[in-house]
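Notes for the one structure printed next.
Just so it is clear, none of the values below were taken in a lab; they were calculated from the coordinates. All of these numbers come straight from a predicted model, not from anything done at the bench. No Cβ is skipped: glycine too gets one built from the backbone with ideal geometry, and neighbour counts run over all protein chains shown.
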Amino acid sequence: MSDIADVSLAYEGVKRIEWADRSMPVLRQIRERFAAERPLDGLRVAACMHVTTETAGLIRTLQAGGASVALAASNPLSTQDDTAAALVQEYGAEVFARAGTDREGYYAHIHEVLETGPDFVLDDGCDLVNTLHTDRTDLLGTVKAGCEQTTTGVIRLHQMALEGALRFPVVAVNDTDTKHMFDNRYGTGQSTLDGIIRATNTLLAGKTVVIAGFGFCGRGLAERARGLGARVVVTEIDPVKALDAALQGFAVQPMAEAAPHGDVFITVTGNRDVVNAGHLAVMKDGAILANSGHFDVEIDVRALSELAVEVHRVRHQADEYVLADGRRLVLLAEGRLVNLAAAEGHPAAVMDMSFADQALTCAWLATAHTTLPPAVHDVPKEIDTEVARLKLASMSVSIDLLTAEQEEYLHSWRLGS
Ligand SMILES: NC(=O)c1ccc[n+]([C@@H]2O[C@H](COP(=O)([O-])OP(=O)(O)OC[C@H]3O[C@@H](n4cnc5c(N)ncnc54)[C@H](O)[C@@H]3O)[C@@H](O)[C@H]2O)c1
């Protein structure tokens, strides 16, 4: 059973999935290994992830390992309907996702994948795990373990564990080096600008781009916006991150000071109300607002609606809010993840590593879950290192190996100057 928009889009979906697969050599290798070794034989996986061509690569890999997979979208706007169709028609997955669904439809789809009675859950933002622990507690006894893909989801899971609410082990795939150092930084950096450019066709050179949050995503974004000729202003609440931004040559200001000067505002903090009514009240005519943090809480869209006298859809994923004094503020993708709603999400070459981490972690969990308490766990270091090694090999990059003497030196405290 599935719920998708249009099964006739499957052919287009297959073509795009195959195109993405060309840039995912590590995941392809793991898929071949899984097909031979079948580490997930007979396991049911329920996933709540962005329905993109790269996710299709992960689903196919889990299937090659012997799992059956049901997939719901992890954002109402990020679903690629052709990918959903291809997954159902050509690759035998159950998919519950339609682009542009409302909140009710979004949660109905999460309930559908849970209905399959999963052994493992793969989450991106913790809505699936949250729904299990609130509405479907009857299924908690049969879920063996889970994986979490993004920073916001890991933060929510830690909170659940702290309050003693988490009932099965979940592995923070987001926290591997091969995920957040590349996906969050290079992936979000490039794809967020891609989304803004596709939605507006704006020229970034010479513009003032205000970036809220200088974490893994924000740093990548700031570097790339500067590369396109923008004057970049960073806003932060963490003194260390702010200092890092300042020493990298970015202007650092509170949002209240940046608000009147910015041409483009991008939030990527994982926090709420980062752009609030007070900031909106002083922005320039024509300012563009975009969010790339996980949830649509970073820009206060309700305050924007209340300030507006008219709202027009001016382009795909671009709404112009006309304020009482005539100023126009342009909100992209309704304040949701702009890189997935207005563009295609991260390039496949980056998702190659994130989803290699996911696939190898699932294979490890197939046996390791029995030894793990209900808590948030790290991915074993060997998986992280193996993914980096495979990625380097796929790029024909070689590195030095430690000599026996170097190995001994690094593990000794006796040798000094
Ligand atoms: N768009 C995507 O495809 C994508 C990809 C990866 C992660 N994410 C999401 O992006 C968000 C950020 O992820 P990250 O890995 O960079 O997290 P991070 O923790 O490394 O960085 C977040 C930064 O925001 C700062 N911050 C918090 N509140 C702030 C505020 N009010 N004003 C200014 N700065 C503030 C924090 O101090 C921190 O430095 C999360 O919601 C994550 O889930 C999105």
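So here's what we get for this one:
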| quantity | calculated |
| --- | --- |
| Per residue, the convex hull volume that the Cα atoms of segment 114-165 enclose (Å³) | 70 |
| Range of Cα positions in segment 240-327 per principal axis (Å), largest first | 42, 26, 22 |
| Of Ala356, Leu132, Leu247, farthest towards positive along the dipole that unit charges on Lys, Arg, Asp, Glu beta carbons give the chain | Leu247 |
| C-alpha center-to-center spacing [segment 211-226, segment 165-183] in angstrom | 21 |
| Spin-label pair Arg22/Leu203, simplified geometry with 7 Å Cα→Cβ offset, distance in nm | 3.2 |
| Mean separation of Cα contacts under 8 Å, 6 or more apart, over the residue count of segment 288-396: relative contact order % | 22 |
| Asp238 paired with Leu402, simple spin-label distance in nm, labels 7 Å along Cα-to-beta-carbon | 2.8 |
| Selected from Ala277, Ala199, Ala84 as most flexible by GNM, with the chain as the system and alpha-carbon contacts under 10 Å | Ala277 |
| FRET efficiency for Asn271 and Glu90, using Cβ-Cβ distance with R0 set to 41 Å, rounded to 0.05 | 0.55 |
| Distance from segment 251-271 to segment 301-369 (C-alpha centre basis), Å | 17 |
| Separation of alpha-carbon centers, segment 26-69 and segment 396-416, rounded to whole Å | 36 |
| Descending semi-axes in Å of the chain, equivalent ellipsoid built from Cα gyration tensor | 35, 28, 21 |
| Largest to smallest principal axis extent of the C-alpha atoms in segment 159-217, angstrom | 50, 23, 20 |
| Computed [θ] at 222 nm, helices only, for the chain once each DSSP H run of length n ≥ 4 contributes -39500 (n - 2.57) | -12500 deg cm²/dmol |
| Normalised contact order of the chain, rounded percent, pairs of Cα under 8 Å and 6 or more residues apart | 16 |
| Those trypsin sites (Lys or Arg not before Pro) in segment 240-320 that DSSP places in a loop and that have at most 16 other beta carbons within 10 Å | Arg272, Lys284 |
| Label-zone membership for segment 334-358, site Ala368, 7 angstrom Cα→C-beta point, backbone N under 20 Å | 352-358 |
| Difference of contour (0.36 nm per residue) and Cα-Cα distance, Glu37 to Asp378 | 120.3 nm |
| q = 0.15 Å⁻¹, segment 1-78: log10 I(q)/I(0) [Debye, one scatterer per Cα] | -0.57 |
| Relative contact order for segment 186-341, counting Cα pairs under 8 Å that sit 6 or more residues apart, in percent | 22 |
| Radius of gyration, Dmax [segment 186-341; alpha carbons; angstrom] | 14.0, 42 |
| Debye log10 I(q)/I(0) at q = 0.26 Å⁻¹ for segment 67-135, Cα point scatterers | -1.28 |
| About the Cα centre, charge dipole magnitude for the chain (Lys/Arg +1, Asp/Glu -1 at Cβ), debye | 680 |
| Dipole magnitude of segment 186-341, debye to nearest 20 (Cβ charges: Lys/Arg +1, Asp/Glu -1, about Cα centre) | 420 |
| Positive-end residue, the chain charge dipole about Cα centroid, Cβ charges, pick of Leu392, Ala10, Ala172 | Leu392 |
